[in-house]
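Chemist: Dropping a structure here in structure tokens format, bear with me for questions.
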Amino acid sequence: MSPDLSYVGKALPPSAPYVVGREKLREFASAIGETDPCCHDVAAARAAGHPDLIAPPTFPGSFTMAVMMELLGDPDFGWDFDRMVHGDQGIRFQRPVYAGDELVTTLHVDDLRTRAGSHFLSLRCEVATVDGEAVLTTNATLVTQAA
């Protein structure tokens, strides 16, 4: 089965709000070895001019991947998840992610091409606060073997 090309150019409905918790940020920062006090100590973050703990730059992957999985796991889309590899990832911030943020993610299917026996899928996640303030954009290229 090949992925459904009719998804290209479409956006999925926005996700339910994801509330960024302080402990999640601390746990993530510790797991990746991030030692910046602004990721662990509220007083240090506020002293540096932030409203609360700041997320490490790769933290958005912890909630945007769940949104991508909704598409990738949908049998109607036809993606071979078992043979998938991550080809590329990028994040562009409009502002940092902070503890207490309530974020919604809108997934866009930007491109789907088949080359050299593989499917290349380009996905974009637009992340904003529940009030509509743009926070970040992720771009991912995923690759799986063509049938």
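The values are calculated or read from the model by the stated rules, or taken from the named source; none is laboratory data. Keep in mind that this is a model prediction, so the values were computed, not measured. Quick reminder, even Gly has a Cβ in these numbers, built from the backbone with ideal geometry, and neighbours come from all protein chains shown.
Chemist: Out of curiosity, is residue 88 free of Cβ contacts under 8 Å to residues at least 24 places away in the same chain and loosely packed, with under 15 Cβ neighbours inside 10 Å?
Modeler: For residue 88, the condition - free of Cβ contacts under 8 Å to residues at least 24 places away in the same chain and loosely packed, with under 15 Cβ neighbours inside 10 Å - is not met.
Chemist: Further question on the same structure: Exactly one condition in (1) modelled with pLDDT of 95 or more; (2) hydroxyl-bearing (Ser, Thr, Tyr); (3) in a helix (DSSP H, G or I) is not met by residue 62; state its number.
Modeler: (1)
Chemist: What are the residues in the range 1-15 that are surrounded by 12 or more Cβ atoms within 10 Å (Cβ to Cβ) and either closer than 26 Å to residue 82 by Cβ or of a type in the set (A, V, I, L, M, F, W, C) (or both), if any?
Modeler: Within the range 1-15, 2, 3, 4, 5, 7, 8, 11, 12, 15 qualify.
Chemist: A further question on this structure: Only one of 20, 67 is modelled with pLDDT of 95 or more, touching a strand residue (DSSP E or B) at 6+ places or on another chain (Cβ under 9 Å) and closer than 15 Å to residue 124 by Cβ; which? Outline the logic, then answer.
Modeler: Values: 20 fails: closer than 15 Å to residue 124 by Cβ.
Testing whether each residue is modelled with pLDDT of 95 or more, touching a strand residue (DSSP E or B) at 6+ places or on another chain (Cβ under 9 Å) and closer than 15 Å to residue 124 by Cβ leaves just 67.
Chemist: Out of 81, 59, which single residue is buried (at least 16 other Cβ atoms within 10 Å of the Cβ) and either in contact with a helix residue (DSSP H, G or I) (Cβ under 7 Å, 6 or more places away or on another chain) or touching a residue at least 24 places away in the same chain (Cβ under 8 Å) (or both)? Lay out the reasoning, then the answer.
Modeler: On the way: 81 fails: buried (at least 16 other Cβ atoms within 10 Å of the Cβ).
Sole residue among the options that is buried (at least 16 other Cβ atoms within 10 Å of the Cβ) and either in contact with a helix residue (DSSP H, G or I) (Cβ under 7 Å, 6 or more places away or on another chain) or touching a residue at least 24 places away in the same chain (Cβ under 8 Å) (or both): 59.
Chemist: Looking at 36, 52 in this structure, which one is loosely packed, with under 15 Cβ neighbours inside 10 Å and in contact with a strand residue (DSSP E or B) (Cβ under 9 Å, 6 or more places away or on another chain)?
Modeler: It is 36.
Chemist: Output the residues belonging to the range 70-112 that are of a type outside the set (Asp, Glu), at pLDDT below 95 and either within 12 Å of residue 18 (Cβ to Cβ) or assigned to a loop (DSSP other than H, G, I, E, B) (or both).
Modeler: The answer is 73, 75, 77, 78, 79, 84.
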